[in-house]
Amino acid sequence: MSNNTPITVAHGDGIGPEIMEATLNIITAAGANLDIETIEVGEQVYLRGNVAGIEPSAWDSLRRTKVFLKAPITTPQGGGYKSLNVATRKTLGLYANVRPCVSYHPYVSTKHPVMDVVIIRENEEDLYAGIEYRQTQDVYQCLKLISRPGSEKIIRYAFDYAVANNRKKVTVFMKDNIMKMTDGLFHKVFDEIAKEYPQIENEAWIVDIGAAKMANTPEAFDVIVMENLYGDILSDVAAQITGSVGLAGSANIGENFAMFEAIHGSAPRRAGQNLANPSGLLLGAVMMLNHIGQSDIATKVHNAWLKTMEDGIHTYDIFKEGISKEKVGTKEFAKAVIERVGEKPVKLKAVEYMSVPRVSTAKVATKSIRQNKDLVGVDVYLDFSTGSAEDLGELLKKVSSNELILAFISNRGVNVWPDGHPETFCTEHWRCRFISSKNDLTINNSNIIELLEKINDAGFDFIKTENLYNFNGEPGYSKDS
Ligand code: NAD
């Protein structure tokens, strides 16, 4: 039996094949034990008419190996092609995107010489569920979904990562002063899970000021965990301010699968010229070696790479007269790293990896004790363009049923009836809140159907409803606007 770990490799497009060859040469020279299955993804697959950019047989390989080292690909111009990254993340359940952002001062110019931040981005939820609607002529909606198990998984992953990688602090960025329920849940789960890791410092920042602080003083942060959208934006900001996007690798981790890559694209203009810097993909491969338990090899490769950087052997993209010693091509850079396997950097901080523990499904969602859920009202959204808020309020008062009475009307989150201000700009998209008139508050779905029939009979165009529930007596909806 071979001790090798099977992995799936895609050589990609543009500079992809060159940086993949360099990466594989370096890690195998350092002693990585791998059985490589090669698959084709990207441009040629798209152009053969496969809109996903990946053949069904490639999924079979990924199901077998569960580990994917992927070079960047080119998505052809024009519509209709689906993002391979999004498809891979969703299909394989890769819920955590891990992106270490490190500056290599003084070898790579940067405004932030002591930056060493790891961004951990939730990859499956939030506004990226892709659930969008055009509800009226002028109003569009995108649904933001945050779940307790999704939040638990990513936040626990962030703390486990911190423990395994000898990190001191985990910070959460969110905006729960505005999104009290969705971001509020993310923050609450963070506080709960942080208690299980007393050895790790924890802190929370509102994302706007947190982002400003990260861009200005990145040395104040260690591991930062974020929902999908904030993480998407801020992981690019963090990589950019290290001084070079070309040096960052990234891991996408799931319960059963993982994908590793560089964060940059296929740089087609640099392709085939032995120019590209393989460092981003190589550092992605270092994360892969850790993931498959070959942390000793990961340590060797990373330290050899740091020594190469420190020795001033640089590709064109980071070469700087006075700092760099030698400008090299992709192949020569790989050769220089291989020559340094076994060495450690002298000025830059050497790495020493331990394996990163996987998050077990058993640990997730343990706290979800079922609560009493009572239906207490309904928000009915109307497309109404033939009158003012006052007109709508007067008309709707007449359609209230016995069980449900009109409480207020809001427009894009601003209360406009009763007691609205004539200055408020209103679209044709109205939210009309009906609440229970009963003493015990609870209603049922039939009461809502009756109300909707009345609204329909009165000639209104209702475009959506949202049920209002109390959970153990606590409102499960934003209350006032
Ligand atoms: P890019 O990252 O390919 O290039 C941006 C700039 O950085 C270019 O000037 C390029 O020459 C330089 N660069 C990037 N990587 C480099 C490296 N390793 N060494 C030296 N220089 C490097 O971004 P782009 O030009 O916007 O996109 C090109 C293609 O890549 C597009 O088709 C895009 O869809 C695709 N892309 C793929 C991925 C992926 O597969 N994960 C990610 C981003 C972009």
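The values are calculated or read from the model by the stated rules, or taken from the named source; none is laboratory data. What you are looking at is a predicted structure, and each value in this text was computed from that prediction instead of being measured. Quick reminder, even Gly has a Cβ in these numbers, built from the backbone with ideal geometry, and neighbours come from all protein chains shown.
Some notes on this structure:
- Residue match in region 153-166 (condition: on the phi > 0 side of the Ramachandran plot and in contact (Cβ under 8 Å) with a residue 24 or more places away in the chain): yes
- Among the candidates THR23, THR8, residue that is assigned by TED's automatic domain parsing to the domain that holds ILE338, buried (at least 22 other Cβ atoms within 10 Å of the Cβ), of a type in the set (Val, Ile, Thr) and not in a helix (DSSP H, G or I): THR8
- Test: PHE319 is at pLDDT 95 or above, aromatic (Phe, Trp, Tyr) and in the same structural domain as ILE15 (by TED's automatic domain parsing): no
- Selection within region 366-398 - surrounded by fewer than 20 Cβ atoms within 10 Å (Cβ to Cβ) and assigned to a loop (DSSP other than H, G, I, E, B): THR366, LYS367, SER368, ILE369, ARG370, GLN371, ASN372, SER385, THR386, GLY387, SER388, LYS398
- When the criteria are applied in full, GLU227 fails the requirement of being under 21 Å from PHE68 (Cβ atoms), more than 9 Å from the ligand (Cβ to nearest atom) and among the charged types (D, E, K, R).
- Listed conditions (1) surrounded by fewer than 16 Cβ atoms within 10 Å (Cβ to Cβ); (2) without any contact (Cβ under 8 Å) to a residue 12 or more places away in the chain; (3) not hydroxyl-bearing (Ser, Thr, Tyr) are all met by GLY184, apart from (1).
- None of SER401, SER355 is modelled with pLDDT under 95, part of a loop (DSSP other than H, G, I, E, B) and out of contact with any Ser or Thr (no Cβ under 7 Å at 6 or more places or on another chain) except SER401.
- Cβ pairs under 9 Å, 6+ apart, first in region 4-16 and touching a residue at least 12 places away in the same chain (Cβ under 8 Å) and away from the ligand (no atom under 12 Å from the Cβ), second of a type in the set (Lys, Arg) and part of a helix (DSSP H, G or I): PRO6/ARG64; THR8/ARG64
- Residue that is out of contact with any strand residue (DSSP E or B) (no Cβ under 6 Å at 6 or more places or on another chain), closer than 20 Å to ALA262 by Cα, surrounded by 15 or more Cβ atoms within 10 Å (Cβ to Cβ) and assigned by TED's automatic domain parsing to the domain that holds GLU310, where the choices are ASN85, ASN50: ASN85
- For ILE154: the one exception among (1) over 13 Å from the mean Cα position of the chain (by Cα); (2) of a type in the set (A, V, I, L, M, F, W, C); (3) outside any strand (DSSP E or B): (1)
- Considering the conditions (1) within 14 Å of the ligand (Cβ to nearest atom); (2) in contact (Cβ under 8 Å) with a residue 24 or more places away in the chain, VAL51 is excluded by exactly one of them, (1).
- Of the set (1) more than 14 Å from the ligand (Cβ to nearest atom); (2) modelled with pLDDT of 90 or more; (3) aliphatic (A, V, I, L, M); (4) assigned to a loop (DSSP other than H, G, I, E, B), all apply to ILE73 but (1).
- Number of positions in region 286-296 that are closer than 23 Å to ASN97 by Cβ, out of contact with any strand residue (DSSP E or B) (no Cβ under 6 Å at 6 or more places or on another chain) and not in a loop (DSSP other than H, G, I, E, B): 4
- Candidates ASP13, ASP60, ASP35, filtered to the one that is assigned to a loop (DSSP other than H, G, I, E, B) and either surrounded by fewer than 17 Cβ atoms within 10 Å (Cβ to Cβ) or acidic (Asp, Glu) (or both): ASP13
- Residue among LEU306, LEU282 that is within 11 Å of the ligand (Cβ to nearest atom), touching a Phe, Trp or Tyr at 6+ places or on another chain (Cβ under 9 Å), at negative phi and in a helix (DSSP H, G or I): LEU282
Table: residues versus (1) of a type in the set (Lys, Arg); (2) away from the ligand (no atom under 14 Å from the Cβ); (3) in contact with a Leu (Cβ under 7 Å, 6 or more places away or on another chain).
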site: VAL237; (1), (2), (3): no, yes, no
site: GLN240; (1), (2), (3): no, no, no
site: ALA251; (1), (2), (3): no, no, no
site: GLN273; (1), (2), (3): no, no, no
site: VAL286; (1), (2), (3): no, yes, no
site: HIS291; (1), (2), (3): no, yes, no
site: THR299; (1), (2), (3): no, yes, no
site: HIS302; (1), (2), (3): no, yes, no
site: LYS331; (1), (2), (3): yes, no, no
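- Of residues in region 224-252 being surrounded by 23 or more Cβ atoms within 10 Å (Cβ to Cβ) and among the β-branched types (Val, Ile, Thr), the one modelled with the lowest pLDDT: THR242
- Annotation: GLY31 fulfils all but one of (1) modelled with pLDDT under 95; (2) more than 14 Å from the ligand (Cβ to nearest atom); the unmet one is (1).
- Only one of the listed residues (ALA194, ALA211) is crowded, with 19+ Cβ neighbours inside 10 Å and in contact with a Leu (Cβ under 7 Å, 6 or more places away or on another chain). That residue is ALA211.
- Test result for ARG340, exposed (fewer than 15 other Cβ atoms within 10 Å of the Cβ) and either modelled with pLDDT under 95 or in contact with a helix residue (DSSP H, G or I) (Cβ under 8 Å, 6 or more places away or on another chain) (or both): no
- So GLU255, is it within 18 Å of the chain's Cα centre (by Cα), of a type outside the set (Phe, Trp, Tyr), surrounded by fewer than 20 Cβ atoms within 10 Å (Cβ to Cβ) and under 24 Å from ARG156 (Cβ atoms): yes
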